[in-house]
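Written below as C-alpha cells is the structure these notes are about.
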Amino acid sequence: MTRIGDLPDIIAVFPLPGALLLPRARLPLHIFEPRYLHMLDDSLKTDTRLIGMVQPLATPGREGGLNKIGCAGRVTQFSETEDGRYMITLSGVSRFRVKEELEGFHPYRRCRVSWEGFDRDKAGPEADRCLDRDSFLDLLDRYFSARDLSVDWQTLQEAEDELLVNSLSMLLDFGPEDKQALLEAPSLTTRRETLVTLIEYALRGGEEDVLQ
C-alpha cells in the first residue's frame, strides 16, 4: 500500500487525449517527442518514478488547459529503441487533483497536486459486489459483435472485478470526456455503471465515433 506521505507534491504530467490510466492498472506508452523523453529521463532519476496522466481540456477557447483530476503511474518497464525512442509501462498508483500548473524552464508540464480524497486508490484491489457478470458479459458480447471484434472470452470470464472493469474502461474506444467520467467515478461500482451506460448508448447509435 502507498501512503499519501510517500507521494510528491509536484509531478510531471503527460496530457494525452483519450489515454486513461487507473489505479493498479497498466498503461503502455510510446515516448518519442523530445520534451517527453526529457520528462521520462527526469522521472527515472526520482525515487517514485511517477508521471501523471491528465486529459487536456477540449473546451473551446481553453486550449492548453488540463482537467482537474488525473492519475499518476510509476514507470515499471521501459526499453529503448535503436533510434532513441522509449516503450514504457506505467503502473497506476493513485488519482490526484491538480492544484496549479507550475511555470519554469522544464520543456514538459509540471503540476502541484493533492492526493487527498483518493485514499481508496492506494489500498488493495476493489470489488464490485453489485456486478451481474452474466448480464455484463452479454452486453459486451453485443458490443464486440457490433464492432466485429474478436475477444478472449475465457480471460474476460476469469478476470477479477477490478481488472475486468478497469481494463475495459481503458481499452474501449470512448472519447476524452467519457474517459474522464470513467476516471472520476468514485468507486468501481460507479465506474462499471458508467461503462454500461456508455456501451448501451453506443449500441443505440448515440456515439458515431464509437460505432462506425
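The values are calculated or read from the model by the stated rules, or taken from the named source; none is laboratory data. Please read these numbers as outputs of a predicted model, since none were measured by experiment. Glycine also receives a Cβ, built like all others from the backbone with ideal geometry; neighbour counts cover every protein chain displayed.
Results, tabulated for the structure shown:
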| quantity | calculated |
| --- | --- |
| Residue check for VAL113: closer than 17 Å to ASP42 by Cβ and either modelled with pLDDT of 95 or more or not assigned by TED's automatic domain parsing to the domain that holds PRO34 (or both) | yes |
| Residues (surrounded by fewer than 17 Cβ atoms within 10 Å (Cβ to Cβ) and not β-branched (Val, Ile, Thr)) located in the stretch 186-201 | PRO186, SER187, GLU193, GLU200, TYR201 |
| Evaluation of LYS179 against (1) modelled with pLDDT under 95; (2) not assigned by TED's automatic domain parsing to the domain that holds GLU33 (one fails), failing number | (1) |
| Candidates VAL75, VAL98, VAL93 - the one that is farther than 25 Å from PHE174 by Cβ and buried (at least 18 other Cβ atoms within 10 Å of the Cβ) | VAL75 |
| Matching option when the condition is within 26 Å of GLY52 (Cβ to Cβ) and loosely packed, with under 13 Cβ neighbours inside 10 Å, among LEU149, LEU171, LEU163 | LEU171 |
| 2 or more residues over 21 Å from CYS71 (Cα atoms): qualifying helices (runs of 4 or more DSSP H) within the stretch 119-199 | 133-146, 153-158 |
| Residue in the stretch 79-97 that is nearest to the chain's Cα centre (by Cα), counting only those that are farther than 14 Å from LEU50 by Cβ and assigned to a strand (DSSP E or B) | ARG97 |
| Qualifying residue in the stretch 25-32 (condition: in contact (Cβ under 8 Å) with a residue 40 or more places away in the chain, farther than 26 Å from VAL165 by Cβ and not in a strand (DSSP E or B)) | yes |
